[in-house]
Amino acid sequence: MTSFHNVAQDKYNHFLAPKTNIVESFAATNEQDKARYMARLTYSMKCLKFLLRQGLAARGHYESEKSLNKGNFLEMLSMLAENFEEVGKVVLNNAPKNCKLTAPEIQKQIANCCAKETTKLIMEDLGDEYFAILADESSDVYQKEQLALCLRYVDKKGRVVERFLGVVHVENTTSLTLKAAIESLLMEHSLSLSKVRGQGYDGASNMKGHANGLKKLIMDECPSAYYVHCFAHQLQLTLVAVAKENPDCVWFFEQLRFLLNLLGNSCKKTEMLRVAQAQRIVEELDLGDIETGKGLNQEMGLGRPADTRWGSHYKTVMHVLSLYPSIQKVLIMVGKDRSFGAECANAQTVLTIFQSFEFVFMAHLMQTVLGFTSDLNHALQKRDQDIVNAVGLILLTKFQLQQLREDPGWDDFLQEVQSFCVKHKIKIPDMDSFYRPVGRDRRFFIKIKNMHRFHVDMFLSVIDRQLQELNERFDEVNTDLLLCMAAFSPIDNFASWDKDKLIKLARFYPNDFSSTEMNHLPSALKLFLTEMRIDERFRKVKNLANLSIMIVETKLHNRHEIVYKLLKLVLVLPVATASVERIFSAMNYVKNKLRNRMGDQYLNDCLVTFIEREMFLKVKECDIINRFQAMKERRIKATLPSHEGTEIEN
């Protein structure tokens, strides 16, 4: 059988009848088999798409036939098979045992195809435009250091968007390692550092270092990739500096911590506070002191503030003042109940501080100051926030604080505190008497009158320190780059317009404007300003983001191409790294304690589809299937035309 003659005869027979070849026999499937295969693949993909959008786990701990919970993917597929006859005919037990398309490896391959098609849409949306990079590093639940990267650019509709590009594991957080990781992510999507026109990081030394920081390494390759220290992070550092350096702020937050520890360390006291607040609301409704309506009188808790999110301090202080009579009632109840043991004495001590004018005064002061900065913090973290408007918001916040420290501001503030004390029966000290500290030894204070103590040492001291920190932290406000960008502001019919500053701004980007464009820029700016002031549609534009959108909607971006290019460079410069912080929040949801050993590639695929849902929903199912089929040799070779859907008739 193995003679040369028999081998030659066998090859000749296969040549005459190639379909009898066993390899060809496996590949030569009929149309019905192909339709069933595509249907199975489609239903598996639909289940995976749903789970990816929701950030849910696909696999279960025990997926055998005897398991009562086989995991989200198999349970969902089983549910479809039970409720839809056309699905049940082709999946699970009715599928070939070697082609069920439900294996974990198949699930990961489909997820990878979904992520790549989503990123492909982002790259098409970006096109050949300039972009800024937003990066930050953090450890996941498995204690692996991860670097997340976002892109900020102006899309084809003129909108400023920030898109998640990917997350990559890094062995350490040195600047060289981070730069290599960023370059690998960009190269993976055919992007180059030469297109980077902005960098946004937090204030870590490995990021912003002038000698060997990531900022410096990237600017060495691309001098126009200007760095901006995250404005929201700078604002947090400002609040932390004031709270930790001012002794009265330190005292207040320590007393607040004691209060929260006392009331929040047991469910019993939390329930007491909840009942006391409900009774108070009923009483005030009967008296007509408060109104009813949708969204009013919602239940509030005493959430513990986090030092990494100073906006939470404002919420806590605000809730303490709103729940003041209820908290007071609970402290009295705990202080009288001997069954609480040591907490009974602690409640009496805390109550003494809580009912003092000094505590109420500092609570109102922190609520006012943190209220101004809280509005600024929320505004800075908007995805479409432009840096010119952000600088204006910072200046507005400083102006509000300056107005507060003046005489009318002080009088109104003191009257508000005194009205609160009268309402809740708190003793108001005589401002002409000498100051007596509450809960602190008087030997640490000089002999001064109450008016000087509360007005100068506390009120003015906190506000002045806040203003000083804002001026020192936000040093970008005074740079030539931002001063030139401010000349682009459309507010008040382009009242801040300055042609010379905008020409100077273009010189900050020498590689983006040719000599011909620079020569034509003065006349182009003049023509642009004239048309903007004449066109009524631009009268109500208040910021650069809306200006860019309006220019594209009116098709003027083609007529004023040079000026629009300059505008996009301004918009690309990042304001805050909030988008990257949101990614780490999503990562904690996707890679949790039950999924703590996810592979790096699978984690990236899950995050891309979960975070960029908007783009993921636009991905065509036929493109996912075709990419899946092209990944490797499949048992059945089949593809779908890109213009067709994926509904398969069996």
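Remarks
- Within segment 357-396, tally of residues that are within 20 Å of residue 411 (Cα to Cα) and polar (S, T, N, Q): 2
- Tallying residues that are outside any helix (DSSP H, G or I) and not basic (Lys, Arg) within segment 144-187 yields 25.
- With respect to the stated conditions, residue 489 is crowded, with 16+ Cβ neighbours inside 10 Å and under 30 Å from residue 387 (Cα atoms).
Residue-by-condition table, conditions (1) part of a loop (DSSP other than H, G, I, E, B); (2) of a type outside the set (D, E, K, R):
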| residue | (1), (2) |
| --- | --- |
| 419 | no, yes |
| 425 | yes, no |
| 429 | yes, yes |
| 432 | yes, no |
| 436 | yes, no |
| 440 | yes, no |
| 447 | yes, no |
| 454 | no, yes |
| 459 | no, yes |
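- Contact map, segment 275-291: first residue modelled with pLDDT under 75, second residue aliphatic (A, V, I, L, M), Cβ cut-off under 6 Å, separation 6 or more or different chains; pairs are 284/290.
- Residue list for segment 355-377, restricted to those being polar (S, T, N, Q) and either without any contact (Cβ under 8 Å) to a residue 60 or more places away in the chain or surrounded by fewer than 19 Cβ atoms within 10 Å (Cβ to Cβ) (or both): 367, 368
- Tally of residues being at pLDDT below 85 and among the aromatic types (Phe, Trp, Tyr) across segment 61-82: 1
- Among the candidates 81, 132, the residue that is in the same structural domain as residue 49 (by TED's automatic domain parsing) and either of a type in the set (A, V, I, L, M) or buried (at least 20 other Cβ atoms within 10 Å of the Cβ) (or both) is uniquely 81.
- Qualifying residue in segment 204-211 (condition: in contact with a strand residue (DSSP E or B) (Cβ under 9 Å, 6 or more places away or on another chain), in a helix (DSSP H, G or I) and closer than 30 Å to residue 316 by Cα): no
- For segment 517-534, the criterion of being part of a loop (DSSP other than H, G, I, E, B) and either of a type in the set (Val, Ile, Thr) or exposed (fewer than 13 other Cβ atoms within 10 Å of the Cβ) (or both) is satisfied by no residue at all.
- Qualifying residue in segment 232-251 (condition: assigned to a helix (DSSP H, G or I), out of contact with any Lys or Arg (no Cβ under 6 Å at 6 or more places or on another chain) and under 30 Å from residue 184 (Cβ atoms)): yes
- Restricting attention to segment 475-510 and to residues that are at pLDDT 85 or above and of a type in the set (Val, Ile, Thr), the residue that is nearest to residue 394 (Cα to Cα) turns out to be 491.
- Conditions (1) touching a residue at least 12 places away in the same chain (Cβ under 8 Å); (2) surrounded by fewer than 17 Cβ atoms within 10 Å (Cβ to Cβ): number failed by residue 147: (2)
- Inside segment 78-114, residues that are of a type outside the set (Asp, Glu) and under 33 Å from the mean Cα position of the chain (by Cα) make up a count of 10.
- None of 1, 38, 45 is at pLDDT below 90 and part of a helix (DSSP H, G or I) except 38.
- Test for residue 467: is it in a helix (DSSP H, G or I), at pLDDT 85 or above and within 27 Å of residue 543 (Cα to Cα): yes
- Being in contact with a His (Cβ under 9 Å, 6 or more places away or on another chain), within 26 Å of residue 473 (Cα to Cα), charged (D, E, K, R) and touching a residue at least 40 places away in the same chain (Cβ under 8 Å) is a property that residue 136 lacks.
- Failed item, numbered, when residue 557 is tested on (1) under 17 Å from residue 496 (Cα atoms); (2) in contact (Cβ under 8 Å) with a residue 40 or more places away in the chain: (1)
- Candidates are the residues of segment 325-342 that are touching a residue at least 60 places away in the same chain (Cβ under 8 Å) and surrounded by fewer than 19 Cβ atoms within 10 Å (Cβ to Cβ); the one that is nearest to residue 437 (Cα to Cα) is 328.
- Close Cβ contacts (under 6 Å, 6 or more residues apart or on different chains) running from residues in segment 70-97 that are without any contact (Cβ under 8 Å) to a residue 12 or more places away in the chain to residues that are among the small types (Gly, Ala, Ser) and outside any helix (DSSP H, G or I) comprise 70/60.
- Residues in segment 78-123 that are among the charged types (D, E, K, R) and in a loop (DSSP other than H, G, I, E, B) were compared, and the one that is nearest to residue 606 (Cα to Cα) is 100.
- Qualifying residue in segment 77-93 (condition: more than 20 Å from residue 33 (Cα to Cα) and in contact with a Leu (Cβ under 6 Å, 6 or more places away or on another chain)): no
- Residue 128 meets the conditions (1) within 30 Å of residue 198 (Cα to Cα); (2) not in a loop (DSSP other than H, G, I, E, B) in every case but one. The failed one is (2).
- Number of residues in segment 233-258 that are crowded, with 19+ Cβ neighbours inside 10 Å and farther than 23 Å from residue 442 by Cα equals 7.
- Just one of the listed residues (541, 570, 590) is among the hydrophobic types (A, V, I, L, M, F, W, C) and either within 19 Å of residue 110 (Cα to Cα) or touching a strand residue (DSSP E or B) at 6+ places or on another chain (Cβ under 6 Å) (or both), namely 590.
The values are calculated or read from the model by the stated rules, or taken from the named source; none is laboratory data. In this text, all values refer to a predicted model and were calculated from it rather than measured experimentally. As a convention, Cβ positions derive from the backbone with ideal geometry for all residues, glycine included, and neighbour counts pool all protein chains shown.
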